[in-house]
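Trainee: Submitted below is the structure of interest, expressed as structure tokens.
The values are calculated or read from the model by the stated rules, or taken from the named source; none is laboratory data. Not measured: the values here are computed from a predicted model. Cβ placement follows ideal geometry from the backbone for every residue including glycine, while neighbour counts extend to all protein chains displayed. These area figures cover heavy atoms from the full protein model, side chains too; ligands, DNA and RNA do not enter into them. Shrake-Rupley method; radii C 1.70, N 1.55, O 1.52, S 1.80 Å.
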6 protein chains.
Amino acid sequence: MPLVTVKAIEGRTIEQKRGLVKDITEAVVKNFEAKPESVTVDIVEISRENFAKAGKLFADS
Amino acid sequence: MPLVTVKAIEGRTIEQKRGLVKDITEAVVKNFEAKPESVTVDIVEISRENFAKAGKLFADS
Amino acid sequence: MPLVTVKAIEGRTIEQKRGLVKDITEAVVKNFEAKPESVTVDIVEISRENFAKAGKLFADS
Amino acid sequence: MPLVTVKAIEGRTIEQKRGLVKDITEAVVKNFEAKPESVTVDIVEISRENFAKAGKLFADS
Amino acid sequence: MPLVTVKAIEGRTIEQKRGLVKDITEAVVKNFEAKPESVTVDIVEISRENFAKAGKLFADS
Amino acid sequence: MPLVTVKAIEGRTIEQKRGLVKDITEAVVKNFEAKPESVTVDIVEISRENFAKAGKLFADS
């Protein structure tokens, strides 16, 4: 039942997401001996106003 | 202080959400002996473009 | 694909957990029209040293 | 690598968010002896329709 | 800043984890055009007593 | 109802945790105009075997 969550700055295309979930699922199947059907991946897109590094919002960088 | 998070594909009505948080809270109170006021539930709605099973986006299914 | 996560102070018995996941799954099936097999629930147990309310650890309450 | 996530009802201004990520980052640096650059903070804004306490949606309060 | 979290039943070896984080990081770098240093992966291991599918704990399956 | 989660490498003392939750709670109260009693903070401690940066486990660094 591996459940993978990817948090990233918003703005990726559906092609990028399609490739990501395919490759991550393969990585889980290969390394954790999971069945493909048991793997879920969700992508959480975060706006630049809601994400910070070193105390500074990406919107201000 | 039980904190419950429900991730689901977007598109449920407020009536569905209202029923869900009521029933989940009752389940927590009953089984975990928590006070109702101490239970929070949040619902994270995920678009079909951001959720995948078996390496395939729901948007492509 | 509803994915439910319950965070709670550690120390519940397996009987309590068994009851909780059963009832929460039923709540999701009933309100969100999901198939039982599509619902996962995970319980995250947190020690009293790692959980705080109002700025105070449960271990200090 | 401390990763901080703040879930809150939606509607804060960017000024509030700017102040929050700055102060939280300082709190982590001070107490956990982390380097500022290693600290990330993300804010998850939740609508009143998706957040409940005591089994009741904030939208219904 | 992609932050990846993998929830899975406990019990994988460090070799399995080493392979997983390497492959997932490559998947993120390739598809989301992220720098390797910006990608973090954490693995959350869940006991069979704390994970359920279809309302049934893995410990009872 | 702000809910704050801090993920960090395991090994901090209770004094460090006590200070962290106090300061983070103050940061939320000050910037988000929340009541102290409404703020929860939980700390998720991750082993060096379960946390990676740039595709490499902390245990291997």
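Trainee: Please return the ranges of strands (runs of 3 or more DSSP E) entirely within chain A where 1 or more residues are facing chain B (nearest Cβ under 8 Å) and under 17 Å from E:THR40 (Cβ atoms).
Mentor: Those strands (runs of 3 or more DSSP E) span A:40-46.
Trainee: Go through (1) surrounded by fewer than 18 Cβ atoms within 10 Å (Cβ to Cβ); (2) closer than 24 Å to E:VAL4 by Cα; (3) within 13 Å of the chain's Cα centre (by Cα) and name the single condition D:VAL6 misses.
Mentor: Condition (1) is where D:VAL6 drops out.
Trainee: Something else: How many residues does the range E:17-26 hold that are open to solvent by less than 40 Å² (accessible area, probe 1.4 Å) and not hydrophobic (A, V, I, L, M, F, W, C)?
Mentor: Here the count works out to 4.
Trainee: Starting from the range B:7-22, take each residue that is at pLDDT 95 or above and list its partners that are assigned to a loop (DSSP other than H, G, I, E, B) and open to solvent by 70 Å² or more (accessible area, probe 1.4 Å), counting only C-beta distances under 7 angstrom and pairs at least six apart or across chains.
Mentor: B:ILE9/B:ARG48
Trainee: Filter the range A:27-61 down to residues that are open to solvent by less than 10 Å² (accessible area, probe 1.4 Å) and of a type in the set (Gly, Ala, Ser) and give me whichever is nearest to the chain's Cα centre (by Cα).
Mentor: For the range A:27-61, the residue satisfying everything is A:ALA27.
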